[in-house]
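Participant: First the structure, then my questions, so here it is.
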Amino acid sequence: MNGLLERFGAANPLTLKALSLLPSYLAFRETYAFLRRSQWWSREELEAYQRAELARLLDHAYEHVPYYRRIFDERGLKPEDIRDLADLRLLPFLTKEIIQNNLADLRATNYPENAFEYVRTSGSTGIPMGFYYEKGVSRAREWAFMKAQWDRVGYRFRDRCVVLRGHVVDSAESRIFWKKALFGRWLLMSSHQMTEETLPAYIDRIRSFRPKYIHTYPSMIITLVRYMRENGIAPFPTVKAVLCGSENLYPWQRELIEDVLGCRVYSWYGNSEQTVLAGECEESSCYHIFPEYGIVELIGKDDQPLTEPGAMGEVVATSLTNYICPLIRYRTKDVAVSASRSCTCGRVYPLLEKVEGRLQEFIVTGSGHLISVTPINYESDAFENIRQFQMYQERVGELVLKIVKKPGYTDRDTERLRQELQWQLGDGIRVGICFVDSIPRTAGGKYRYLIQKLPIELGDLHAGVEAG
């Protein structure tokens, strides 16, 4: 391929660039065409596909990935010993710490050096981790899966889409808050410059752009719709759906977005490590797990598998798409609830009823029980005079709420807020309140509603979980 690129590129640099993108385009086209068919397969066909792909992955890992050769040999195993999905339990879990300490040995030896794309993520737990994509190909396959998801709510490449996902379009001093991309069909809007002063301009620009979809972090669209509600601003008439990902979507957020914008909120769940991907469909808000993307296990106390419907546990995932740096039985530290029903959409994908978020998104009570932040109602009247807020915990049984006040905030609001949280969280939590001028987003533009400094393990979750 390289010789071909050089011959064409010598005559035309644009041709060289186009040809260099060919592997990515082919990966996207083949994956997308496959997903269009496989989404309607029977359960037996999907399970047969997973078994075959798992066997292929394990053969590759044993032959070409030093870390997995060592793991198999230490346990006296061969790839053919694991042919059924349940047999995966013969292999140990993979954690962020193990990846950090063994990254060189997780690289597949049968790929050229220029095929490796180094990716680094800290995740919500704050543990930095590096790993590898196959350059161009991994992202192209990911986009094929995302496109297959968005098809469910009618998205087409020709549709106009506003993107609010952590982009920095230009320096703050430039006063340039957005730019067009994807041949003018996408409007990328800066997330770090959305303030009371600039939001009217953002809203006017979105309205004049006439998008059909808004692709966003939930926390960013919340900033927009809160301003619209408080100022009586009409919804965007052209917007058909809001596409929310990369942050947990809380029930109060979904309700507020749909109420203000008058359209469907579509959410999905995945991770940067590309081990699991699941999204809603056109008929329900359950997360449909892509079996073509990876194998998902739900584990509970003592790291044992959970099989009963409605069980809550940690997501453990095995990627079926990344051969350059295989991640097998990867502990995501995400907590999810399995669904107890099938979906009427016709896809027989495994379902998650909901994703509670990271283990670090639970509050620890004085008795050591955990409370998920997901059901907490942040849209109650007690939050009316608050511009921003963030919860912080570093001691068991104690929670600090950082608040950015609105101009009309009084001591009465403090008391109402304390009473509301005490009512929602129970007597096992003492709530303290402090005032700050601003609450920053992460470097990637995300917003964390809880900064949890206490170490939380899966066993703590099953010691007892309290609802908010």
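No value in this document is a laboratory result; all are computed from the given coordinates. Worth saying up front: this structure is predicted, and the values here are computed from it rather than measured. Don't worry about glycine lacking a Cβ; one is built from the backbone with ideal geometry, like all the others, and counts go over all protein chains shown.
Participant: Mind listing the long-range amide H neighbours of His167? Cut-off is under 5 Å, sequence gap 5 or more, other chains count too, H placed in the peptide plane at 1.01 Å from N.
Facilitator: Amide H neighbours of His167: Ser191.
Participant: Give, as a single signed number, the net charge of other residues whose beta carbon lies under 10 Å from the beta carbon of Val242, with Lys and Arg counted +1 and Asp and Glu -1.
Facilitator: +2
Participant: Please list 274-282, 419-427, 308-316 highest first by mean number of surrounding beta-carbon atoms within 10 Å per residue.
Facilitator: 274-282, 308-316, 419-427
Participant: To continue, here is another question. Using the Karplus equation 6.51 cos²θ - 1.76 cosθ + 1.60 (θ = phi - 60°), what ³J(HN,Hα) coupling, rounded to whole Hz, does each residue of segment 246-258 give in order, writing x for Gly and Pro?
Facilitator: Per residue, the Karplus-derived 3J(HN,Hα) values read 6, 9, 5, 9, 7, x, 5, 5, 4, 4, 5, 4, 5 Hz.
Participant: Could you size up the charge dipole of segment 338-468 around its Cα centre, putting +1 on the beta carbon of Lys and Arg and -1 on that of Asp and Glu, and report it in debye to the nearest 20?
Facilitator: Here segment 338-468 has a charge dipole of around 480 debye.
Participant: Within the set of other residues whose C-beta is less than 13 Å from the C-beta of Gly346, count the net charge using Lys and Arg as +1 and Asp and Glu as -1.
Facilitator: Here the count lands on +1.
Participant: Rounded to the nearest 0.05, what FRET efficiency do Val400 and Ala48 have when you use their Cβ-Cβ distance and R0 = 60 Å?
Facilitator: Here the calculated transfer efficiency is 0.70.
Participant: Further question on the same structure: Leu103 to Trp423: extension gain in nm, 0.36 nm per residue of separation minus the Cα-Cα distance?
Facilitator: The Leu103-Trp423 span can extend by a further 110.5 nm.
Participant: Output wanted: per-residue J couplings in Hz (rounded whole) for segment 132-145, from phi through Karplus 6.51 cos²θ - 1.76 cosθ + 1.60, θ = phi - 60°, x for Gly and Pro.
Facilitator: 10, 9, 7, 3, x, 6, 4, 5, 5, 5, 4, 5, 5, 5
Participant: Let me ask something additional. Figure the gain on full extension for Tyr118 and Arg229 (residue separation times 0.36 nm, minus the Cα-Cα span) and round it to one decimal in nm.
Facilitator: Once the chain is fully extended between Tyr118 and Arg229, it gains 35.7 nm.
Participant: May I ask for the equivalent-ellipsoid semi-axes of the chain, computed as the square root of five times each C-alpha gyration tensor eigenvalue and listed largest first in whole Å?
Facilitator: Equivalent ellipsoid semi-axes, largest first: 37, 30, 21 Å.
Participant: Any chance you could check the Cα centroid distance between segment 80-149 and segment 185-220 for me, in angstrom?
Facilitator: So the two Cα centres are separated by 33 Å.
Participant: My understanding is that a pair violates if its Cα-Cα distance is over 23 Å; which of Lys135/Lys333; Lys301/Lys446; Lys135/Lys212; Lys354/Lys402; Lys78/Lys333; Lys402/Lys446 do that in this structure?
Facilitator: Where the Cα-Cα span goes over 23 Å, the pairs concerned are Lys135/Lys333; Lys301/Lys446; Lys135/Lys212; Lys354/Lys402; Lys78/Lys333.
Participant: Karplus couplings for segment 209-217 from phi (6.51 cos²θ - 1.76 cosθ + 1.60, θ = phi - 60°), rounded to Hz, Gly and Pro as x?
Facilitator: 6, 6, x, 8, 9, 10, 9, 7, 6
Participant: Still on this model: Cβ under 10 Å from Tyr111's Cβ, Tyr111 left aside: what net charge do those residues give with Lys, Arg +1 and Asp, Glu -1?
Facilitator: Once positives and negatives cancel, what remains is 0.
Participant: Please list the non-local residues whose amide H lies under 5 Å from the amide H of Gly357, H modeled 1.01 Å from N, same-chain partners needing a gap of 5 or more.
Facilitator: When sequence neighbours closer than 5 places are left aside, the close amide H contacts are Val335.
Participant: Between Arg185 and Arg29, what FRET efficiency follows from the Cβ-Cβ distance if R0 is 22 Å, with the result rounded to 0.05?
Facilitator: After rounding to 0.05, the efficiency reads 0.70.
Participant: For a quick check: with amide H placed at 1.01 Å from N, whose amide H comes under 5 Å from Tyr250's, ignoring anything fewer than 5 positions away on the same chain?
Facilitator: Correct list: empty.
Participant: Which one, Phe209, Thr198, Asn231, is farthest towards the positive end of the dipole of segment 197-247 when Lys and Arg carry +1 and Asp and Glu -1 on their Cβ?
Facilitator: So the residue furthest toward the plus end is Phe209.
Participant: When the helix-only estimate is applied to the chain (DSSP H runs of n ≥ 4, each -39,500 (n - 2.57), divided by the residue count), what is the mean residue ellipticity at 222 nm, nearest 500 deg cm²/dmol?
Facilitator: -9500 deg cm²/dmol
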